[in-house]
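Trainee: The following block contains the structure, expressed as C-alpha cells.
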Amino acid sequence: MTVATSLREQLQEHTDVSSTRAWAAGDNAAIPGDCWRACLASLFEVPIADVPHFVALHPDVDDGLWPTLGPQWWRASIEWVGKVRPGWTLAAWDVPDPWTPIYPLNSDAPDRVILSGRSTRGDWSHAVLVWDVDGALAHDPYPGGTGVRAPYADRITIIRKEQNR
C-alpha cells in the first residue's frame with residue numbers, strides 16, 4: 001500500500017517538541033504532545049482545533065473509575081467520538097502478531113486505526129495512524145516521524161456500540 005499524506009494530515013498542527021519532552025519528564029507546567037488529538041482529527045477528517053486536547057485537559061489522576069473505565073482522557077475521548085459519530089465508540093485491542101485487520105473489507109469503518117506505543121524518538125508514549133489492512137504506517141502526527149516501536153501498547157479503533165465488548 002502506498003503511504004500518502006492527505007491534505008487533512010498536512011494541515012495538522014503539532015505541539016512544540018521541547019514542551020512535550022518536558023511534560024514526559026514530569027514537568028506539570030508543560031503541555032503534553034498532540035499525537036492523540038491529531039490522530040483523532042485525521043481519523044474523523046475534522047480540523048484539529050475541533051478536537052479537545054484530551055490528554056492536557058484530563059491528566060492521569062486516579063479518580064476511582066480508572067480501574068474499570070480507564071483514565072479520564074480516555075473516557076472524554078469516548079464521549080467526544082459518540083458526539084462526532086453517533087452510534088460509534090472507541091475500543092482498544094491487543095496488537096496481533098502477525099497483524100490481522102479488524103474491519104471487514106468494504107465496511108463503513110475507517111481504513112486506518114490508531115497504534116500506540118513508545119516513540120521512536122524517546123521514551124514516551126506516542127500514537128500514529130496505521131492502515132487497518134496491514135498495519136503499515138499511514139500517518140505520524142510528528143513531522144518526519146517514524147511511528148512507534150514494538151512492543152506496541154494498543155490498537156485503537158472505532159466500532160459500533162453494539163460491537164463493544
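Trainee: I need the phi-derived Karplus couplings for the range 96-101: 6.51 cos²θ - 1.76 cosθ + 1.60, θ = phi - 60°, integer Hz, Gly and Pro marked x.
Mentor: x, 9, x, 4, 10, x
Trainee: Determine ³J(HN,Hα), in whole Hz, for all residues of the range 44-52 in sequence, where each value follows from phi through the Karplus function 6.51 cos²θ - 1.76 cosθ + 1.60 and θ = phi - 60°; x replaces Gly and Pro.
Mentor: Working through the residues one at a time gives 9, 6, 10, x, 4, 5, 7, 10, x Hz.
Bear in mind that the values in this text are calculations on the coordinates, not laboratory data. Please read these numbers as outputs of a predicted model, since none were measured by experiment.
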